[in-house]
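Encoded as structure tokens, the structure appears first; notes follow it.
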Amino acid sequence: AAPSGAPRPRLTFLGTGYLGATYAICFAELGYEVIGFDVDQAKIERLGKGEVPFHEPGLDELLRKNLAGGRLRFTTSMEEVAEFGDVHFICVGTPQRADGMAADLSYVESAVTGLAQHLHRKALIVGKSTVPVGTAEWVEQLVRRHAPGESGVEVAWSPEFLQEGFAVEDVLRPNRVIFGVKSEWAVGLLYEAHKALFDLATTEDREVPVVVTDFATAELVKVAANAFLATKISFINAMAEICEAAGADVTMLARSIGYDQRIGNKFLRAGIGFGGGCLPKDIRAFQARAQELGVGEALRFLHEVDLINQRRRQRIVQLSAELLDRPFGPNGPDLSGTRIAVLGATFKPNSDDVRDSPALSVARKLTRSGADVYIYDPEGMDNASREVSEATYSKSIVDAVTGADLVCVLTEWEEFRNADPAVLGEIVAGKKVIDGRNCLDATVWRRAGWEFRAMGRPAQ
Ligand code: NAD
């Protein structure tokens, strides 16, 4: 590590979305001087005014505090970023390409080349975005090609594991930190750039495990972790399919197998599956990369993981038709003339993120089957209405549920878990509910007179 007492490196974060903005704000909170950069002018203006452009618990307050403290600022000027920073973190999006499963690296490319051109002094560029293995080597070549001759800029990779909804906590108190590096200098500077985070851990009597490794391993840690998590979810959802056919209860099954520490009970809740801006695209990009590397067979199971996940979304449509006594035509169930309340639009609670959201995907399928769909979500309404315009957006649970023939709970927001089935029972047209997340108390709902169905559980 670099000698203690050295001045703290100045940090920049390129891309101020869910990942980059959270990092910029939290590292300013840790005491670093920080600049956040984005090509999205509107986003930068909002952040500069103290407004977080997305929903993340606790982040607004930290943003305003650190703007006021003078350690944090936001810019669209690459010159300013290059001039200021000792360590530049690349946090731009790496979405799935429109023409296939692979990751679109064009944002990484433009951020890195844009930055490199202006770097006239030694600095470290650290990739945090989730990328296919091999990207760090490519970024290094980009830097060599575009940075002015004598700058001595180096590259490192430090993948990120934060979870939306817990992002502040995950950034300040990570369960591990991965440094993919090629030089002692890079490791030393990365330690300095995380020193305040390690110091915080020490004062709280915690340890943050640090893994120092090569580029390829560092890149793979992230996609391997996501592949494992996606597999765990699809595993229990496959068990839910079996339970539905066999008349068993997947919630009991999950609890019972989860007592085995080797299995563990986390991420073992059957439901309508995973979504969001990470898991679905990451497992697809991982398969595409394995193909390129000539080892496509190794990840063929991830294709099944994806299929299981997609089938769970369709299952809600099928259950809706069963509950509403609707016929199945050649194109699936016909739900025309029915009114369905969809509670939840975001891919998980405590976020406004609707990227590849299972809840919205189900809502869209229901509308395509002819149902009139009324959606309510505590935070995701704006994003959702841009994605699925065929539905009606309601102002509250009560608005959405009033007159509904069926209620589908598709994101496990606290507000839905706490809803009173007796009260809702008074305003619906039919007391029928599908719990797509196994988050409601079946006994309470049934006692209030509801016909209650859930994923992987018996009808009674
Ligand atoms: P996001 O879409 O919220 O943010 C990406 C940002 O990059 C946007 O604000 C966009 O304007 C900006 N951008 C695009 N091109 C740019 C450029 N050339 N220069 C500067 N900024 C540019 O995405 P996100 O969720 O923050 O994800 C970013 C990366 O982090 C992805 O690779 C993702 O897989 C990874 N990641 C995300 C999470 C998460 O929970 N969101 C967790 C771990 C890893």
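Values for this structure:
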quantity: Residue tally, condition more than 8 Å from the ligand (Cβ to nearest atom) and either among the basic types (Lys, Arg) or under 27 Å from the mean Cα position of the chain (by Cα) (or both), over the range 82-102; calculated: 11
quantity: Pair list, Cβ under 7 Å, 6 or more apart: the range 82-104 residue over 28 Å from residue 10 (Cα atoms), other residue away from the ligand (no atom under 15 Å from the Cβ); calculated: 101/287
quantity: Only listed residue being within 21 Å of residue 16 (Cα to Cα), assigned to a loop (DSSP other than H, G, I, E, B) and away from the ligand (no atom under 12 Å from the Cβ), chosen from 63, 119; calculated: 119
quantity: Flag for residue 58 being under 18 Å from residue 352 (Cα atoms) and out of contact with any Gly (no Cβ under 8 Å at 6 or more places or on another chain); calculated: yes
quantity: Only listed residue being closer than 29 Å to residue 293 by Cα, away from the ligand (no atom under 16 Å from the Cβ) and not hydroxyl-bearing (Ser, Thr, Tyr), chosen from 143, 187, 126; calculated: 187
quantity: Residue in the range 263-274 that is within 16 Å of the ligand (Cβ to nearest atom), closer than 13 Å to residue 309 by Cα and at pLDDT 95 or above present; calculated: yes
quantity: Long-range neighbours under 8 Å by Cβ, at least six apart or interchain, first residue on the phi > 0 side of the Ramachandran plot within the range 6-17, second β-branched (Val, Ile, Thr); calculated: 15/90; 15/92
quantity: Residues satisfying the stated conditions in the range 19-53, i.e. of a type outside the set (D, E, K, R), buried (at least 19 other Cβ atoms within 10 Å of the Cβ) and either in contact with a Ser or Thr (Cβ under 8 Å, 6 or more places away or on another chain) or assigned to a loop (DSSP other than H, G, I, E, B) (or both); calculated: 19, 24, 30, 32, 34, 35, 36, 37, 44, 47, 52
quantity: Residue within the range 167-184 that is farther than 16 Å from residue 23 by Cβ, small (Gly, Ala, Ser), assigned by TED's automatic domain parsing to the domain that holds residue 97 and surrounded by fewer than 21 Cβ atoms within 10 Å (Cβ to Cβ) present; calculated: yes
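The values are calculated or read from the model by the stated rules, or taken from the named source; none is laboratory data. Keep in mind that this is a model prediction, so the values were computed, not measured. When we count neighbours, we look across all protein chains shown, and the Cβ atoms used for this are built from the backbone with ideal geometry, even at glycine.
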